[in-house]
1. Among the residues of the range 222-273, which ones are free of Cβ contacts under 8 Å to residues at least 60 places away in the same chain, part of a loop (DSSP other than H, G, I, E, B) and under 29 Å from Asp198 (Cβ atoms)?
2. When residues of the range 95-118 are filtered for being free of Cβ contacts under 8 Å to residues at least 60 places away in the same chain and of a type in the set (A, V, I, L, M), how many remain?
3. Return yes or no: is Gln136 open to solvent by less than 30 Å² (accessible area, probe 1.4 Å) and within 18 Å of the chain's Cα centre (by Cα)?
4. Looking only at the range 254-265, count every residue that is open to solvent by 10 Å² or more (accessible area, probe 1.4 Å) and either closer than 19 Å to Gly118 by Cβ or near the ligand (Cβ under 9 Å from one of its atoms) (or both) and tell me the total.
5. Taking Ala39 and the conditions (1) at pLDDT 90 or above; (2) outside any helix (DSSP H, G or I), which numbered condition does it fall short on, given that it satisfies the others?
6. Only one of (1) more than 16 Å from the ligand (Cβ to nearest atom); (2) within 17 Å of the chain's Cα centre (by Cα); (3) of a type outside the set (Asp, Glu) is not met by Asn44, so which one is it?
7. Just give me the residues in the range 269-299 being more than 12 Å from the ligand (Cβ to nearest atom) and either small (Gly, Ala, Ser) or at pLDDT below 95 (or both), in sequence order.
8. For the range 57-71, does any single residue satisfy the condition of being in contact with a Leu (Cβ under 7 Å, 6 or more places away or on another chain) and either outside any helix (DSSP H, G or I) or at pLDDT below 85 (or both)?
Amino acid sequence: MTRPTLIEHIRTTERLHPGATGELSRILARLSLAGRMVAQRLLNAGFLGEHGETGIVNVQGERVQKLDELADHTFVRVFESLGSVCAVASEERAKIHAFDDDESQSGKYMVLFDPLDGSGNIDINGSLGSIFSVHQRESIDTPVHERDFLKRGDAQVAAGYILYGPATVFVYTAGEDGPVNGFTLDRSIGEFFLTHPDIRMPEGGGSYSVNESNESKWDDKTKELVASFRQGRAPVGKRAARYTGALVADFHRTLLQGGIFLYPGLTDRPRGKLRYLYEAAPLAKIAERAGGAASDGQVRSLELDPTELHERCPLFVGSRADVEYAVESLR
Ligand code: P6P
């Protein structure tokens, strides 16, 4: 039996919503196109001298890798002249990028992305990812503005990521109550095929995933929480320690095997390192739609109200019992 392709799956889902115009379907199709293009660049970067840094420091204060820049340009380009997308926001850009063609100026969708997450893994051939979030703006009567992007995660109309590992996997959810589905790229024909239908976050088992070298920068409750996982004392049960340094890879393992990923606040960075709008919020949406949970340690992640485009937030995401135990431990 031939598995459905991503595009067939998107179209089938669209037909379940009579009022659907097909615009969101085309946005998801363009996201998969960008993912395939980035996957190909990663594959050949070593031969093409595309590893290494550009010498630029981005708005995050991070040194930009050549592939960060290539991935960013790829994700912007696929939405140019699409019409339904008025503007995009990228981890690599200080400001939103509005499209100036007439049709796009009245486009109702906004796409946010971290075009290449975990780029510290590029030169060591580690796993990497792209994370995306799709929002609708309230009104198309005025020019799009950065404040249109400042929405809580609950408002996302679609969210997901592409994981560039031994295989390239596209995972997404759409709509209020859509399931989470995963698709694997068949490089020989450039198609994503459904391989992980209706993903459910396992309760129990799995790993705890945190950068323990930050321990000296955690508050006492966070130190005790992580110690309880490390020592097997957590009431949710024993968890193996796993950490790759690439959010998408660590999240994807948590999604499939259960457990918890945590990036807490730090003494020198109280809101932590991860960005809300294009990292924590889309992954929180995926987690909840798969039966898991996500919190900043106090508030459900999808209920946070961002005031800045590149706002950061602590992230505790994973199996519902693990996240609830973490939140309880931090009270
Ligand atoms: P640390 C990569 O730079 C990233 O944004 C995420 O992919 C990852 O989870 C995190 O930072 C790793 O940060 O401080 O553990 O190196």
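1. First pass over the range 222-273, keeping only residues free of Cβ contacts under 8 Å to residues at least 60 places away in the same chain: 223, 226-227, 229-233, 237-238, 240-243, 250, 253, 257, 261, 263-273.
The next check asks that each one be part of a loop (DSSP other than H, G, I, E, B); those that pass are 231-233, 237-238, 242-243, 264-265, 267-268, 270-273.
Scanning the range 222-273 gives Gly237, Lys238, Arg242, Tyr243.
2. Qualifying residue count for the region: 2.
3. For Gln136, the condition - open to solvent by less than 30 Å² (accessible area, probe 1.4 Å) and within 18 Å of the chain's Cα centre (by Cα) - is not met.
4. Filtering the range 254-265 down to residues open to solvent by 10 Å² or more (accessible area, probe 1.4 Å) leaves 256-257, 263, 265.
Pick out the ones that are also either closer than 19 Å to Gly118 by Cβ or near the ligand (Cβ under 9 Å from one of its atoms) (or both) and you get 256-257, 263.
Matching residues across the range 254-265 total 3.
5. So the condition that Ala39 fails would be (2).
6. That leaves (2) as the condition not met.
7. Step one: list which residues in the range 269-299 are more than 12 Å from the ligand (Cβ to nearest atom), which gives 270-271, 276-277, 281-282, 284-299.
Across the range 269-299, the qualifying residues are Ala281, Ala284, Ala287, Ala290, Gly291, Gly292, Ala293, Ala294, Ser295, Gly297.
8. There is no residue in the range 57-71 that is in contact with a Leu (Cβ under 7 Å, 6 or more places away or on another chain) and either outside any helix (DSSP H, G or I) or at pLDDT below 85 (or both).
The values are calculated or read from the model by the stated rules, or taken from the named source; none is laboratory data. Small disclaimer: the values here were computed from a predicted structure and weren't measured. As a convention, Cβ positions derive from the backbone with ideal geometry for all residues, glycine included, and neighbour counts pool all protein chains shown. Note: accessible area is taken over every heavy atom of the protein model, side chains too, but ligands, DNA and RNA are not part of it. Shrake-Rupley method; radii C 1.70, N 1.55, O 1.52, S 1.80 Å.
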